[in-house]
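Only one structure is covered here, and it is reproduced in the block below.
The values are calculated or read from the model by the stated rules, or taken from the named source; none is laboratory data. What you see is a predicted model, and the numbers here were worked out from it, not measured in a lab. Cβ atoms come from the backbone with ideal geometry, glycine included; neighbour counts cover every protein chain shown. We work out accessible area using only protein heavy atoms, side chains counted, and drop any ligands, DNA or RNA first. Shrake-Rupley method; radii C 1.70, N 1.55, O 1.52, S 1.80 Å.
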Amino acid sequence: MKSMTNAYRFPLSRSAIRRLAVAAALGGACLLAACAPRSGYINHLQPDIGPAPKPGKSSSGMYLDLIRQMQKQGSYYASLANIEAFRQRYGNPPALRQLQGDALRSTGQTDAARAVYQKLLDTDQAAAAWHGLGLIAASEDRSDMAEHALSRAVQLDPFNPGYLGDLGFERLRTGQLVQAREPLAKAAELAPESVKAISNLVLWMLLNGEAARADDTMQQADLPQPAREQIMRLAAEIPARRHDVASSAKVAAPRTTDRRTAVPSGLPDSNQIIGVPDS
């Protein structure tokens, strides 16, 4: 980690950044990321490594792209060091703060990430900020807030398969199968080569009782074995978790014969969520 941080410490020439960016893209193209400890969304099965920055970009633009590549490969702590280096060299634009929020969230610094996202809601990074807030809310089992924030992200960026997939997944884990279908289908059609998008749609099929169709889709998409295993695990865990939450709510319900004074009990807090994306 130390060597990676030092390797990108400013000042960097345009040619140096370009060489590092190309190397990062080529080195990460063959990697499959394991789910982060706080992230069980199927969307984390495969980082979508983008192309290397175009040579015509400015040094600051290429440096931002390099930080994005680092995050897609899971190097969030290293990206935080480079974010600070970028800030000292080029300033603190909204795009950099959005990357900082994602890095803070992905390293468990939830309160700091939330504060960063809140300050981006009136900028050109509003969609990404709502997405981040939605993922934080989902991690805290605040389903209403997660639905609201992820829906806002999709409204602002309706062609983003990641946002669509995360909204659909949140609806799956809260039992909204009918409402989950549209965003998951859109994500799969917008990103037909994405393991993330196809896996989420297959999960919906299984939860909807369409096992044969789900199997056919996995075969046609040639999903890797780790993705299939996680899909099957989530297909078993999500209904069981909803049942446990419902049972806990019944046990916690106040026992009283006076309905005028009965207070509805809220759902219990739980750290056993089925993941939070990230990006």
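Worth a mention:
- When the range 192-230 is filtered for residues that are in contact with an Asp or Glu (Cβ under 8 Å, 6 or more places away or on another chain) and not polar (S, T, N, Q), only 196 remains.
- Restricting 78, 85, 138 to residues that are within 18 Å of the chain's Cα centre (by Cα) and buried (at least 16 other Cβ atoms within 10 Å of the Cβ) narrows the list to 138.
- Residue satisfying all of: in the range 110-124; out of contact with any Pro (no Cβ under 7 Å at 6 or more places or on another chain) and among the acidic types (Asp, Glu); most open to solvent (accessible area, probe 1.4 Å) among these: 122
- Some residue of the range 158-173 being closer than 16 Å to residue 94 by Cα and in contact (Cβ under 8 Å) with a residue 12 or more places away in the chain: no
- Single residue of 192, 161 found to be within 29 Å of residue 123 (Cα to Cα) and open to solvent by 10 Å² or more (accessible area, probe 1.4 Å): 161
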